[in-house]
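Enquirer: One structure, pasted below without further comment.
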Amino acid sequence: MKNTAGVVILVLLGGLAVGATYLTQISTAGRIEAQRRAIATRTLLDVLPSDRYDNQPLAQPVIATPVTLPRSTLLGAYRATREGAPSAVLLRSQVLGYEGTIELLIAVDPAGRVLGVKTLRQSETPGLGAGIAGWPNAWLQTFHGKSRQAPADEGWALKKDLGQFDQLAGATVTSRAVLQAVHDTLRYFDEHKAQLTGATSHE
């Protein structure tokens, strides 16, 4: 009998331990997922100066489905606001590079000027095209302050293509692809500014 009682007690204790572990896992899973989302959000929003918004831009999508552009695809767009006014638009772009697709996040202010460009995903050649990865990125920073008008459309090309932009050393195809994606994005922004920023017609 004593052995039987001991076994029962051990089973009960084991059951309690499993139950406690399960309850702990359930209670912390929500917090862990929230922390994971917060880290992912901060990583994405690196491209946007923190003093430019006080909302949750990724919770404000303004494009529901991908849009095919002349040389790239616009996967999504999100509106940043400050004190209720539009302060920037984040546009997620995809373009074909040398080794595969490149995904970019491009922040544009309401006047159509680039605030920042960040590589979200790429599979370019290490030591060459993969130089577009990393944050901050010196080559991608050359787009800061540029717009569709400055330079004009014909200036949106590499210097070797008679444009105004330097290329990433040893990575002509990658550089050209990123440049074209940014230019496509700015053109789309200009043509859909009211929709993207939420500006009313009298503004």
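Enquirer: Any residue in segment 138-145 that is farther than 11 Å from VAL178 by Cβ and among the β-branched types (Val, Ile, Thr)?
Expert: Among the residues of segment 138-145, not one is farther than 11 Å from VAL178 by Cβ and among the β-branched types (Val, Ile, Thr), which makes the answer no.
Enquirer: Among the residues of segment 165-197, how many are buried (at least 16 other Cβ atoms within 10 Å of the Cβ), outside any helix (DSSP H, G or I) and of a type outside the set (Phe, Trp, Tyr)?
Expert: Matching residues across segment 165-197 total 4.
Quick grid of which residues meet (1) modelled with pLDDT under 95; (2) in contact with a Leu (Cβ under 7 Å, 6 or more places away or on another chain):
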site: GLY131; (1), (2): yes, yes
site: PHE143; (1), (2): no, no
site: LYS146; (1), (2): no, no
site: LEU158; (1), (2): no, yes
site: ALA177; (1), (2): no, yes
site: LEU186; (1), (2): no, no
site: GLY198; (1), (2): yes, no
site: HIS202; (1), (2): yes, no
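Enquirer: Still on this structure, please answer the following. Of these, GLU99, GLU124, which one is in a loop (DSSP other than H, G, I, E, B), at negative phi, surrounded by fewer than 21 Cβ atoms within 10 Å (Cβ to Cβ) and touching a Ser or Thr at 6+ places or on another chain (Cβ under 7 Å)?
Expert: GLU99
Enquirer: Of the residues GLU103, GLU124, only one is more than 14 Å from ARG71 (Cα to Cα) and of a type in the set (Asp, Glu); which?
Expert: Within the list GLU103, GLU124, the selection yields GLU124.
Enquirer: Can you find a residue that is basic (Lys, Arg), part of a helix (DSSP H, G or I) and within 23 Å of the chain's Cα centre (by Cα) anywhere in segment 139-146?
Expert: no
The values are calculated or read from the model by the stated rules, or taken from the named source; none is laboratory data. These numbers come from a predicted model, not from an experiment. Cβ atoms come from the backbone with ideal geometry, glycine included; neighbour counts cover every protein chain shown.
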